[in-house]
Amino acid sequence: MKKILITGGAGFIGSHVIRLFVNKYPDIQIFNLDKLTYAGNLLNLSDIESKPNYTFIKGDIVDAPFIDALFAKHQFDGVIHLAAESHVDRSISGPMEFIFTNIIGTANLLNAFKATWKDFTGKLFYHVSTDEVYGSLGDEGLFTETTPYDPKSPYSASKASSDHIVRAYCHTYGLPVVISNCSNNYGPNQFPEKLLPLMINNIRHNKALPIYGKGENVRDWLYVLDHARAIDLIFWKGKMGETYNIGGNNEWTNIDLVHKLCEIMDRKLGREPGTSAKLITYVTDRAGHDLRYAIDASKIKNELGWEPSLKFDEGFDISVDWYLSNKEWLDNVTSGDYQKYYDEQYL
């Protein structure tokens, strides 16, 4: 491959994938297409922006003529599609943005990819998705690649739809595709509307730590750099038309996770034990809040040899240190739109 387009590359997961590919494959041109919404931040990539094999393009995947022209100009050999509206709360208050970006945007990319090549030899369209498409688990069981889809939120429904469209283009038009569905990511550069960076930032400023319901919802946590490694592996070695689940083997209830974070933050900030935990505030549960997600990642381990490299305690500690060492980044991204949204949601 000579040219790879990575959509959503200025976002949380995307920036880590961009960095990995730019540094690892100097002979491949890596193009970062991002709309730069509130969650996209080019500061995430300041360390590689001058690399000769990196190009940033600002644009919206919902704009079909723009996407068509972009593919016609550059003729990308591969696509790693990460661009998406991803916050469940925002999908509940404004579902149409999710429908346009996650469904129409994905279809636009597929159409442009299909139109670019008559021979798909050596080409690939990699669609990155979420475990939320599977719905909710009870106290036992794990999501596998064959778990029936049962999305519960506008966000997960839009991602489920995009997954189905990608598979349909594979079966109908013969497009070479792979799909991965991952669990909750954590790590550096995550926009602080998601649980961990939100809590870290609020503890810094002695603000309330809003916990939905009783905090009993369970999530499987995956370190973002491990996810990037998995994407790299699937892109080059994944079997065409297959789906791979990527999980961290780290199940935590939200409340247990926040209590652990409070303990770590008290220690790192030199506060009395129990200080941060006093900020925990229980708020009305999210509409349609899924109880539990958990992934069986045995397929990617058995077929491609991937498994998480960090134990959760290690990744968690690294993440907290990163946010505390990058207060300027946090302060920059938590101004404006974020603050307005946070105040409307919780205050």
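State whether the residues of segment 245-268 include one that is in a helix (DSSP H, G or I), among the charged types (D, E, K, R) and surrounded by 17 or more Cβ atoms within 10 Å (Cβ to Cβ). Full working, then the answer.
From segment 245-268, those in a helix (DSSP H, G or I) are 254-268; that's our starting set.
From the residues that got through so far, the ones that are among the charged types (D, E, K, R) too are 256, 260, 263, 266-268.
After this cut, where a residue has to be surrounded by 17 or more Cβ atoms within 10 Å (Cβ to Cβ) as well, the list is 266.
Yes: one or more hits.
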Checklist outcome for this item: If we ask which residues in segment 228-244 are assigned to a loop (DSSP other than H, G, I, E, B) and among the charged types (D, E, K, R), their number turns out to be 2
Next on the checklist: When you check Ala168 against the structure, is it without any contact (Cβ under 8 Å) to a residue 12 or more places away in the chain, surrounded by fewer than 21 Cβ atoms within 10 Å (Cβ to Cβ) and farther than 19 Å from Ala39 by Cα, yes or no?
Outcome noted: yes
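A quick yes/no check of all residues on (1) at pLDDT below 95; (2) surrounded by fewer than 21 Cβ atoms within 10 Å (Cβ to Cβ); (3) part of a loop (DSSP other than H, G, I, E, B); (4) hydrophobic (A, V, I, L, M, F, W, C):
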| position | (1), (2), (3), (4) |
| --- | --- |
| Asp290 | yes, no, yes, no |
| Trp306 | no, no, yes, yes |
| Leu310 | yes, yes, yes, yes |
| Asp317 | yes, yes, no, no |
Checklist entry - So which residues in segment 59-87 are in a helix (DSSP H, G or I), of a type outside the set (Gly, Ala, Ser) and over 18 Å from Ile4 (Cα atoms), if there are any at all? => result Pro65
Checklist entry - Within segment 34-58, how many residues are in a loop (DSSP other than H, G, I, E, B) and either crowded, with 17+ Cβ neighbours inside 10 Å or under 17 Å from the mean Cα position of the chain (by Cα) (or both)? => result 9
Checklist entry - Do the conditions hold for Cys182, that is, is it at pLDDT 95 or above, closer than 30 Å to Lys24 by Cβ and not aromatic (Phe, Trp, Tyr)? => result yes
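Listed here are the residues, each with its yes/no results for (1) closer than 30 Å to His289 by Cβ; (2) of a type in the set (A, V, I, L, M).
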{"site": "Lys51", "(1), (2)": "no, no"}
{"site": "Thr55", "(1), (2)": "no, no"}
{"site": "Lys58", "(1), (2)": "no, no"}
{"site": "Ala64", "(1), (2)": "no, yes"}
{"site": "Asp68", "(1), (2)": "no, no"}
{"site": "Phe71", "(1), (2)": "no, no"}
{"site": "Asp77", "(1), (2)": "no, no"}
{"site": "Leu82", "(1), (2)": "yes, yes"}
{"site": "Asp89", "(1), (2)": "yes, no"}
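What number of residues within segment 100-111 are out of contact with any strand residue (DSSP E or B) (no Cβ under 9 Å at 6 or more places or on another chain) and either without any contact (Cβ under 8 Å) to a residue 60 or more places away in the chain or crowded, with 21+ Cβ neighbours inside 10 Å (or both)?
To start, the set of residues in segment 100-111 that are out of contact with any strand residue (DSSP E or B) (no Cβ under 9 Å at 6 or more places or on another chain) comprises 100-104, 107-108, 111.
Cutting the leftovers down to either without any contact (Cβ under 8 Å) to a residue 60 or more places away in the chain or crowded, with 21+ Cβ neighbours inside 10 Å (or both) gives us 100-102, 104, 107-108, 111.
Number satisfying all stated conditions: 7.
Right, Lys278: among the basic types (Lys, Arg) and out of contact with any Asp or Glu (no Cβ under 9 Å at 6 or more places or on another chain) or not?
Details: among the basic types (Lys, Arg): yes; out of contact with any Asp or Glu (no Cβ under 9 Å at 6 or more places or on another chain): yes.
Here the answer is yes, as Lys278 does meet what is asked.
The values are calculated or read from the model by the stated rules, or taken from the named source; none is laboratory data. If you're wondering where the values come from, they're calculated on a predicted model, not measured in any experiment. Neighbour counts are summed over all protein chains in view; Cβ atoms, including those assigned to glycine, are modelled from backbone coordinates with ideal geometry.
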